[in-house]
1. In terms of modelled amide H atoms, which long-range or inter-chain residues lie less than 5 Å from the amide H of LYS154?
2. Highest GNM mean-square fluctuation, the chain, Cα pairs closer than 10 Å: which of LYS167, LYS134, LYS212?
3. What's the Kirkwood radius of the chain in Å, using all Cα pairs?
4. Using a Gaussian network model on the chain with a 10 Å cutoff between Cα atoms, which of VAL231, VAL39, VAL25 fluctuates the most?
5. Count the net charge of all other residues whose Cβ sits under 10 Å from the Cβ of PHE75, scoring Lys and Arg as +1 and Asp and Glu as -1.
6. If each DSSP helix of 4+ residues adds -39,500 (n - 2.57) and the sum is divided by the residues in the chain, what number results at 222 nm, nearest 500 deg cm²/dmol?
7. Can you compute 3J(HN,Hα) from phi for each residue in the range 109-124, using the Karplus curve 6.51 cos²θ - 1.76 cosθ + 1.60 with θ = phi - 60°, rounded to whole Hz and x for Gly and Pro?
8. I need the Debye-formula profile for the range 152-203: one equal scatterer per C-alpha, no solvent, reported as log10 I(q)/I(0) at q = 0.12, 0.24, 0.26 1/Å, two decimals.
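All of the numbers you see were taken from the coordinates with simple rules; none came from a lab. These numbers come from a predicted model, not from an experiment. Note: ideal-geometry Cβ built from the backbone for every residue, glycine included; neighbour counts use all protein chains shown.
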Amino acid sequence: MRLFDFNRLDNKNEIAKFYHNYGFVIIKNFFNKKFIKGVKIKINNKIKNSNNKFIYFEKINNKLKLRRIEKVSNFSINSKKIINSKKIYKVLYSLEKKRFVLFKDKLNFKYPGGEGYLPHFDGHFIWKNKLNKKQHGWKKYSSNFISLVIPLEKSYKKNGCLYVAKKSKSNFVKILSYLNKHNFTVKKNFIKKIKFFPVELDRGDVCFFNWKCAHFSKKNYSNKSRMIFYVTYCLKNNFENVRTNYYLDKRDSKNTDEKKSLLYN
Ligand SMILES: O=C(O)CCC(=O)C(=O)O
Ligand SMILES: [Fe+2]
């Protein structure tokens, strides 16, 4: 797979071209490594003195370990700076030639032994709003979404990096109806047909991918943790405060807590 270096001025068009073909792109050296390391330390310190209700845990060997922090840009000012950096919005614009805004943001931990995520498409699921009315995933908020992985530490196969597939040519309805028939998982026979690329990233590297890219990650089989920001931006439309609305809907939705979070957590 082709990797791009952010510091090479001549490859901006190539980045957009690659994204256009595949629906995802890895950019090396996007952020300063030391800066990223500093952010990780600050967040970890902050967690120690926090009882934030957006922090979720998982059990690893019978001990509770951090699984994720939702709305992480509200939790830490440094996260907010990174997630809202101009650089990111510029790339988003160059990838789709349209303006994107922040939709949702979280920090996914994966401590040694931490669970992976089954293959899925972000935003393609059915949920019920507070009036018990069926809603189609993220479709009501926007027509296009791009997620961004920003690792706070090296992310590689053994510690459970993301694997991402080329963008599906099917539209939202087709993908949703496929998933609906298969309990919202992407089944083995489907997986066999598509190739997943491991997204191995160093500190400072990033990966942008469209919501039509199926993806998954394995359990962390190493003794190193794997912390990543997992941020989703959406195409700007007339929807005011899309992020606030999304989180309010999520809070009020009728689904079980298990289903409220992403399907495979
Ligand atoms: O953290 C990961 O490995 C993947 C997370 C993911 O795909 C998601 O939260 O939608
Ligand atoms: Fe996902």
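1. Here the answer is ARG203, since their amide H atoms fall under 5 Å of that of LYS154.
2. Judging by the Gaussian network model, the answer is LYS134.
3. Values: mean 1/r = 0.0528 Å⁻¹.
For the chain, inverting the mean 1/r across all distinct Cα pairs yields 18.9 Å.
4. It is VAL39.
5. Details: positive: LYS46, LYS71, LYS80, LYS106; negative: GLU70, ASP105.
Net charge in that neighbourhood comes out at +2.
6. Details: 9 runs with 80 residues, N = 265.
Computed mean residue ellipticity for the chain: -8500 deg cm²/dmol.
7. Each residue's phi maps through the Karplus curve to give 8, 8, 6, x, x, x, 6, x, 10, 5, x, 7, 10, 5, x, 9 Hz.
8. Once normalised to I(0) and log-transformed, intensities are -0.38, -0.94, -1.01.
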